[in-house]
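Down below is the structure, laid out as structure tokens.
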Amino acid sequence: AQSVTQLDSQVPVFEEAPVELRCNYSSSVSVYLFWYVQYPNQGLQLLLKYLSGSTLVKGINGFEAEFNKSQTSFHLRKPSVHISDTAEYFCAVSDDGQGGKLIFGQGTELSVKP
Amino acid sequence: DAGVTQSPTHLIKTRGQQVTLRCSPKSGHDTVSWYQQALGQGPQFIFQYYEEEERQRGNFPDRFSGHQFPNYSSELNVNALWLGDSALYLCASSLAGGSEDTQYFGPGTRLTVL
């Protein structure tokens, strides 16, 4: 069965500092990986996705993630965060890459302080 | 281009009642998925509808049922509500078999069961 573990429930960081949000997955089949962001009182917005090809994926708002098959990880990074990046971030995995069932991690709350 | 819309925004029910939540998919999408997000948790997949039929189902009891209409909009019905059903219910839409296999999420319906 597929599962996703987000290793940090909360990540506090100062504005303009770099950040990494960690995500590990387990799956016995090919995986398709996603990062979503949820701002307060809103739905989820896709940041980026890995389906195949280059293991370094660039997304919106300056975020990027690297797929590491040997370590079963898909960590999200941003070199310099802004106050507006304060939100909940969810890593998710799918086994079909065709808009099928997504399995989400518990979420990481990113708090950017001035 | 309208995104995914959900109604109502908020809902308060008492134990034992029944509730119906509604979702209109993003323009051009034909597949609707429903997720339950309890407070402080990641979303959990309930089921997915395509061509007016349930295509996939998560680990939710039969009290949770759904429907998809010919215009691709969808309803989520929950019978015999109990306190544990209090959550944010998210609808996501996608295009089956399309090159863009991303799920787009609506803002959610906040259900409170008293």
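Key figures
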| item | result |
| --- | --- |
| Filter result for residue B:31 (within 13 Å of chain A (Cβ to nearest Cβ) and over 28 Å from residue A:109 (Cβ atoms)) | yes |
| Total residues in the stretch B:46-63, condition buried (at least 16 other Cβ atoms within 10 Å of the Cβ) and in contact with an Asp or Glu (Cβ under 9 Å, 6 or more places away or on another chain) | 3 |
| Residues of the stretch A:35-59 satisfying the condition of being assigned to a strand (DSSP E or B) and not aromatic (Phe, Trp, Tyr) | A:37, A:38, A:44, A:45, A:46, A:47, A:48, A:49, A:56, A:57, A:58 |
| Residue A:89, sole failed condition from (1) over 23 Å from residue B:45 (Cβ atoms); (2) at pLDDT 95 or above; (3) hydroxyl-bearing (Ser, Thr, Tyr) | (1) |
| Condition broken by residue A:1, with the remaining ones in (1) part of a strand (DSSP E or B); (2) within 11 Å of chain B (Cβ to nearest Cβ); (3) modelled with pLDDT under 95 satisfied | (1) |
| Restricting the stretch A:35-72 to residues that are among the small types (Gly, Ala, Ser) and away from chain B (no Cβ under 11 Å), the residue that is surrounded by the fewest Cβ atoms within 10 Å (Cβ to Cβ) | A:70 |
| Residue check for residue B:72: surrounded by 13 or more Cβ atoms within 10 Å (Cβ to Cβ), assigned to a loop (DSSP other than H, G, I, E, B) and in contact with a His (Cβ under 8 Å, 6 or more places away or on another chain) | yes |
| Condition met for residue B:70 (over 14 Å from the mean Cα position of the chain (by Cα) and either more than 24 Å from residue B:113 (Cβ to Cβ) or basic (Lys, Arg) (or both)) | yes |
| Residue in the stretch B:21-35 that is of a type in the set (S, T, N, Q) and under 16 Å from residue B:83 (Cβ atoms) present | no |
| Qualifying positions in the stretch A:8-34 - within 14 Å of chain B (Cβ to nearest Cβ), assigned to a loop (DSSP other than H, G, I, E, B) and farther than 20 Å from residue B:37 by Cβ | A:30, A:31 |
| Scan of the stretch A:72-104 for residues that are closer than 13 Å to residue A:38 by Cα and not in a strand (DSSP E or B), ordered by number | A:84, A:85, A:86 |
| Residue check, residue B:103 within 11 Å of chain A (Cβ to nearest Cβ), modelled with pLDDT under 95 and surrounded by 13 or more Cβ atoms within 10 Å (Cβ to Cβ) | yes |
| Top-ranked residue in the stretch B:1-45 [being of a type in the set (D, E, K, R) and either part of a loop (DSSP other than H, G, I, E, B) or out of contact with any strand residue (DSSP E or B) (no Cβ under 7 Å at 6 or more places or on another chain) (or both); ranked as surrounded by the fewest Cβ atoms within 10 Å (Cβ to Cβ)] | B:1 |
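The values are calculated or read from the model by the stated rules, or taken from the named source; none is laboratory data. Since we're looking at a predicted model, the values are computed, not measured. Positions of Cβ are backbone-derived with ideal geometry, glycine not excepted, and every protein chain shown enters the neighbour counts.
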